[in-house]
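Quick notes on the structure that follows.
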Amino acid sequence: MSESSKLPENLAELLAHLHERQEKRGNCTMRDRAELWLRHGGENLDLSPPNFHHALATWLANAGLVHKDKSQDVAAVLYCLGVTNSNNLFQKVNQGKLVPMGIGKNGRRNAKGQRKA
């Protein structure tokens with residue numbers, strides 16, 4: 001997936017790139033969103049609706065954007081602010097539409113070759 005993405009590897013460059021997209025109101029592609037989620041440990045996080053806020057807060061801590069000791073506080077704040085899993089990457093994950101991009105319905109990296117018969 002990395003070879004087809006245009007996202008910078010370096011965190012400082014990545015943040016500058018994302019700021020530029022935000023300022024231009026440009027969209028990240030689903031492939032970019034999937035890579036970004038997987039890049040900072042998203043494959044280990046359960047994105048199901050009951051775990052969404054904790055997974056997102058943990059991902060932010062893994063990315064270095066939130067102090068690890070504050071991730072539970074961030075989860076509570078995200079919940080209170082009404083941040084939901086009903087849009088963009090998170091909705092597509094729960095709908096199973098990102099399976100071709102390497103993310104299963106629970107938000108974790110697809111385990112290729114482990115299909116149920």
Scanning the range 8-33 for residues that are assigned to a loop (DSSP other than H, G, I, E, B) and over 23 Å from Asn94 (Cβ atoms), which turns out modelled with the highest pLDDT?
-> Lys24
Answer yes or no as to whether Gly41 is open to solvent by 40 Å² or more (accessible area, probe 1.4 Å) and at positive phi.
-> no
Mind checking which pairs have a first residue in the range 19-34 that is within 25 Å of Leu47 (Cα to Cα) and a second that is among the hydroxyl-bearing types (Ser, Thr, Tyr) and open to solvent by less than 100 Å² (accessible area, probe 1.4 Å), Cβ under 7 Å, 6 or more apart or different chains?
-> Arg31/Ser4; Arg31/Ser5; Asp32/Ser5
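Quick check on Leu36: is it modelled with pLDDT of 80 or more, under 18 Å from Lys92 (Cβ atoms) and part of a helix (DSSP H, G or I)?
yes
For the subset of the range 44-55 comprising residues that are part of a helix (DSSP H, G or I), of a type outside the set (A, V, I, L, M) and in contact (Cβ under 8 Å) with a residue 40 or more places away in the chain, which member is most open to solvent (accessible area, probe 1.4 Å)?
Asn44
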Please name all residue pairs, on different chains or six or more residues apart, with Cβ atoms under 7 Å, provided the first residue is in the range 73-85 and is within 18 Å of Ser48 (Cβ to Cβ) and open to solvent by less than 60 Å² (accessible area, probe 1.4 Å) and the second residue is among the aliphatic types (A, V, I, L, M) and part of a helix (DSSP H, G or I).
-> Ala75/Ala57; Leu78/Leu56; Leu78/Ala57
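The values are calculated or read from the model by the stated rules, or taken from the named source; none is laboratory data. This is a predicted model, so every value here is computed, not measured. Every residue, glycine as well, gets a Cβ built from its backbone with ideal geometry; the counts of neighbours run over all protein chains shown. Side chains are part of the model used for accessible areas, which takes the heavy atoms of the whole protein and leaves out ligands, DNA and RNA. Shrake-Rupley method; radii C 1.70, N 1.55, O 1.52, S 1.80 Å.
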